[in-house]
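The values are calculated or read from the model by the stated rules, or taken from the named source; none is laboratory data. Just so it is clear, the structure is predicted and the values come from calculations on it, not from any experiment. With ideal geometry, Cβ positions are generated from the backbone for all residues, glycine too; neighbour counts draw on all protein chains shown. The accessibility values were calculated without ligands, DNA or RNA, using every heavy atom of the protein model including side chains. Shrake-Rupley method; radii C 1.70, N 1.55, O 1.52, S 1.80 Å.
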Amino acid sequence: MEIKSAVFVISNTEVAKCPVSVLPEYAFIGRSNVGKSSLINMLCNRKSLAKTSVKPGKTQLINHFLINQNWYLVDLPGYGYAKVAKEQREKWNVFIQQYILKRSNLVCLMVLIDSRISAQKIDLEFMRWLGKNSIPFVIVFTKIDKLSKRQFSDNITAYTLELEKFWEELPLCFYTSAEDKTGRTELLAFIESTNKLF
Ligand code: GTP
Ligand code: MG
């Protein structure tokens, strides 16, 4: 799929104030700094459509981007960033959970996992929570440009073993780099085919 237009629409903390939900949408979630905003920019071929930062905790709101005038990409705040005050973290958790549970046109959540790091409890528990609530999701491994071929294959094998402890059937996985655009074609093809089912 070609990205012909990508337009920022609105930021907010309330699912009720998100754009009227008639178009399919895909939201990016994962730990702070995993590369959610960078991946959105990479998919859209734009440098700073979504704001990125070397410091975790950059994205703090639900951000809607309208793509090709017929589907949405959504940038969400990261979870699990220890330096954010507990109160603020709780606030994010509440509105992100509400968004995930109530947004009827959310066709698939993209759960981003840093390919360099071993499986983290917070991500595994989050995916179990999605499963319990019947929220469709895929896993998107990020920053694979930072790994050698050997490290990549070792890390993905280890992660898969960890997933198999809980999931009978593994979620669909994508392997990406915002740096060199690996995985862009695959992710856009997935979105295109999923849009057709909406
Ligand atoms: P929060 O909004 O704080 O939750 O973070 P985020 O998940 O949106 O991460 P963001 O896209 O802001 O990226 C965090 C840092 O990782 C930035 O310094 C990015 O340049 C870097 N980064 C993101 N993706 C990649 C990647 O694929 N490869 C490399 N090498 N660096 C990346
Ligand atoms: Mg971000």
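Could you say whether any residue in the range 37-59 is open to solvent by 60 Å² or more (accessible area, probe 1.4 Å) and touching a Pro at 6+ places or on another chain (Cβ under 8 Å)? Quick ask: steps written out before the conclusion?
We begin by selecting, within the range 37-59, every residue open to solvent by 60 Å² or more (accessible area, probe 1.4 Å); these are 45-48, 51-52, 54-55, 58.
So of that shortlist, the ones also touching a Pro at 6+ places or on another chain (Cβ under 8 Å) come out as none.
No, there is no match, as no residue in the range 37-59 is open to solvent by 60 Å² or more (accessible area, probe 1.4 Å) and touching a Pro at 6+ places or on another chain (Cβ under 8 Å).
When the criteria are applied in full, T142 meets the requirement of being within 14 Å of the chain's Cα centre (by Cα), surrounded by 14 or more Cβ atoms within 10 Å (Cβ to Cβ) and closer than 27 Å to E164 by Cβ. For the range 23-59, the candidate set comprises residues that are more than 12 Å from ligand 2 (Cβ to nearest atom) and assigned to a loop (DSSP other than H, G, I, E, B); within that set, the residue that is nearest to T194 (Cα to Cα) is P24.
Which is under 27 Å from S21 (Cβ atoms), in contact with a Gly (Cβ under 9 Å, 6 or more places away or on another chain) and outside any loop (DSSP other than H, G, I, E, B), of L112, L73, L130? Show your work before the answer.
Working: L73 fails: in contact with a Gly (Cβ under 9 Å, 6 or more places away or on another chain); L130 fails: in contact with a Gly (Cβ under 9 Å, 6 or more places away or on another chain).
L112 is the lone residue from the list that is under 27 Å from S21 (Cβ atoms), in contact with a Gly (Cβ under 9 Å, 6 or more places away or on another chain) and outside any loop (DSSP other than H, G, I, E, B).
Of all residues assigned to the range 10-20, at least one qualifies as being loosely packed, with under 15 Cβ neighbours inside 10 Å, over 21 Å from K181 (Cβ atoms) and among the β-branched types (V, I, T).
Apart from one condition, N93 fits all of (1) within 13 Å of R31 (Cα to Cα); (2) in contact (Cβ under 8 Å) with a residue 24 or more places away in the chain; the exception is (2). Hey, among the residues in the range 133-149 that are of a type in the set (S, T, Y) and in a loop (DSSP other than H, G, I, E, B), which one's farthest from S177 (Cα to Cα)? The residue in question is S134.
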